[in-house]
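> Questions regarding the structure given below will be posed in turn.
Just so it is clear, none of the values below were taken in a lab; they were calculated from the coordinates. The structure presented is a predicted model; accordingly, all values stated were derived computationally and were not measured. A quick note on method: Cβ atoms are made from the backbone with ideal geometry, for glycine too, and the neighbour counts reach across all protein chains shown.
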Number of protein chains: 2
Amino acid sequence: MKFKYRYPRPALTVDCVVFGLDDKDLKVLLIQRARKPFRGRWALPGGFVHVEESLEDAARRELEEETGLRNVYLEQLYTFGEPDRDPRERVVTVAYYALVNLRDHHVRAATDAREAAWFAAPDVPALAFDHEKIVESAAARLKEKVRCQPIGFELLPPKFTLTQLQRLYEKVLGRPLDKRNFRKKIQSMDFLEALDEMQKDVSHRAARLYRFDKRKYGQATTKGFNLGI
Amino acid sequence: MKFKYRYPRPALTVDCVVFGLDDKDLKVLLIQRARKPFRGRWALPGGFVHVEESLEDAARRELEEETGLRNVYLEQLYTFGEPDRDPRERVVTVAYYALVNLRDHHVRAATDAREAAWFAAPDVPALAFDHEKIVESAAARLKEKVRCQPIGFELLPPKFTLTQLQRLYEKVLGRPLDKRNFRKKIQSMDFLEALDEMQKDVSHRAARLYRFDKRKYGQATTKGFNLGI
DNA sequence: TCAAAAGTGTTAAAAATACACCCATGG
DNA sequence: CCATGGGTGTATTTTTAACACTTTTGA
């Protein structure tokens, strides 16, 4: 107990809502708590902010420690600070959300976690603390974001088909999109580059592969647009 | 020094970017610091979070203590936590922004502040800490918000003219809008109620007064819309 | 009678939506 | 030859954008 202050201080943590996309679903990465409180419950990866690191650094550090993920796209979501959100003492948490593609990033459970696993976004189990509320906010934010910024880069493999991209948008928005209108729209946005390459090993007509034009994608990210879907 | 912890903890503060509208400009409320560091400099109203109060409660308490404002519309903006943002020690601040109408809310300087004053949003002086950055984020957020949620309720007097409302949008967006298109659009949104009352004491044709339909305004706030301007 | 702001519609361009069939491939 | 997903265009409706003059009022 070496650190003394005139007034009591809330503890400060970060938590990460990590979204990933596989062939079927939009998923959320959870860890199983190895300690009290809520031992054995699923929760968001996260932990205490060190006094010399930035909030984002703390989020990246905890994410790597607990799940092995690194170099992910990360953005601050919201800060949750209700006095009773942690039964032990006052804890304020700065929530981040991350987008990763499940092919390139592999997950392993580590410190403080018995296990790490992906859950389809609509069937997340009961979570520790107020983490369910945090996941809901993150899903809502992602839904907003997708309408005015491209997000595919972070969730898809480097080369992908238009159908994969459409499925991503459908999962995030939670509703079906018209194939032709989607293609028209997304191609007019001008950050997609059609490759001379086709899908392999599929038991039906092979789809053309695309990749993002990094430069134009970045512009679209900073300037924003209206996807109108 | 009664409060002791195993690990060092960042201090946690809240800061408020308060926007107000007068006849001319969109303004930001600043206080002049009475203490070190940055004594004499202008800064955002704000202060330490007490250990038993929520973040929003802390923001409201500080706002009232330092400026006398209460019952304002308040929303969380972003949490700023770079390790060097305060020269004394590590301080993480949860920033909020508020919208108030200058007719109904009067400001007085109080504790910790020599003075409180309104500055036109484009000519905010050099501020303490990273508060300039916080003001910029808040202005950017307000600009986004205005496109998909009504904000007039909070910034205008209860009865107002369409020209006042248009001026508000022009100030927030930083560009002129077409009068006829604006009126068409805003009236089709259906949360305005035309009154049988006219402006008084103006030296030109009196404009019709409007007020917000609280119910529909609330729906528009929660559901969102696309103002398309 | 002048100044100052209020109020009012139309047209053209662009964007959004709805919609159905043929194609290529592997099993 | 069949099942599976890939790929494509047009017509309609809706939305946006551009634009200028007449009215009212008080000074």
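> How many nanometers, to one decimal and shortest first, lie between the label point of residue B:7 and those of its other copies, if labels sit 7 Å from Cα toward Cβ?
Inter-copy label distances (nm, one decimal, shortest first): 2.3.
> Per the Kirkwood formula on distinct C-alpha pairs, the Rh of the protein assembly as shown is how many angstrom?
Answer for the protein assembly as shown: a Kirkwood hydrodynamic radius of 24.6 Å.
> Past the 18 angstrom mark, what percentage of all C-alpha to C-alpha distances in segment A:63-181 do you count?
62
> Which value in deg cm²/dmol, rounded to the nearest 500, describes the helix-derived mean residue ellipticity at 222 nm for chain B, given -39,500 (n - 2.57) per DSSP H run of n ≥ 4 and division by the residue count?
Theoretical 222 nm ellipticity from helices: -8500 deg cm²/dmol.
> In terms of modelled amide H atoms, which long-range or inter-chain residues lie less than 5 Å from the amide H of residue A:3?
Distant-sequence amide H within range of residue A:3: B:5.
> For the protein assembly as shown, give the share of DSSP beta bridges that are antiparallel, in percent and rounded to the nearest 5; count only bridges with both residues there.
Details: 58 of 82 bridges.
If we restrict to bridges inside the protein assembly as shown, about 70 percent are antiparallel.
> Report the relative contact order of segment A:1-156, percent, no decimals, based on alpha-carbon pairs under 8 angstrom and at least 6 residues apart. Could the numbers behind the result be given before it?
On the way: 287 pairs, mean separation 49.3, N = 156.
With pairs under 8 Å counted, the relative contact order is 32 percent.
> Against the longest principal axis of chain B, how steep is helix B:162-173, in degrees 0 to 90 to the nearest 10, with axes from Cα atoms?
Here the helix axis deviates by roughly 40 degrees.
> Continuing with this model, one more query. At 7 Å along Cα-to-Cβ for each site, give me the label-to-label distance between residue B:106 and residue A:48 in nm.
4.9
> Let me ask something else. For helix B:214-223, what angle does its Cα long axis make with the longest principal axis of chain B, in degrees from 0 to 90 and rounded to 10?
Orientation of helix B:214-223: about 60 degrees from the principal axis.
> Just to confirm the numbers: residue B:123, label point 7 angstrom along the Cα-Cβ line, distances to the other copies in nm, shortest first?
6.3
> Spin-label point model (7 Å from Cα, Cβ direction): what's the residue A:149 to residue A:115 distance in nm?
In this crude label model, residue A:149 to residue A:115 measures out at 3.4 nm.
> I've got another one for you. Restricting things to alpha carbons, tell me how big segment B:114-229 is in terms of Rg and Dmax, in Å.
According to the Cα coordinates of segment B:114-229, Rg and Dmax are 16.2, 49 Å.
> If you don't mind, there's one more thing I want to ask. Can you give the relative contact order of segment B:1-72 as a percent, counting alpha carbon pairs under 8 Å and 6+ residues apart?
Relative contact order, segment B:1-72: 27 percent.
> Under the rule of at least 5 residues apart or a separate chain, name every residue whose amide H is placed under 5 Å from the amide H of residue A:96.
Placed amide hydrogens put A:15, A:16, A:17, A:77 under 5 Å from residue A:96.
> For segment B:161-228, which semi-axes, largest first and in whole Å, follow from the square roots of 5 times the eigenvalues of its Cα gyration tensor?
22, 17, 10
> Another question about this same structure. Which whole-number percentage describes the relative contact order of segment A:56-112, with Cα contacts under 8 Å and a sequence gap of 6 or more?
42
> I'd like the Kirkwood hydrodynamic radius of segment A:1-107, using the inverse of the mean 1/r over distinct C-alpha pairs, in Å. Can you show the working numbers first?
Working: mean 1/r = 0.0671 Å⁻¹.
Hydrodynamic radius (Kirkwood, Cα only) of segment A:1-107 equals 14.9 Å.
> Label-to-label distances across copies for residue A:198, with labels 7 Å out along Cα→Cβ, in nm, shortest first?
7.5
> Using alpha carbon coordinates only, what is the Rg to Rh ratio of chain A, with Rh defined as the Kirkwood radius? Could you put the intermediate results ahead of the total?
On the way: Rg = 19.4 Å, Rh = 19.0 Å.
Ratio of gyration radius to Kirkwood radius for chain A: 1.02.
> Oh, and also: Test of understanding: express the Cα radius of gyration of segment A:19-82 as a ratio to 2.2 N^0.38 Å, with N the residue count. Provide the component values of the computation, followed by the final result.
On the way: Rg = 13.2 Å, N = 64, 2.2 N^0.38 = 10.7 Å.
Working it through for segment A:19-82, the quotient is 1.23.
> Relative to the longest principal axis of the C-alpha atoms of chain A, give the angle of the C-alpha long axis of helix A:131-146, reported between 0 and 90° and rounded to the nearest 10°.
Result, in degrees: 30.
> How many angstrom lie between the C-alpha centres of segment A:15-62 and segment A:152-168?
One Cα centre to the other: 24 Å.
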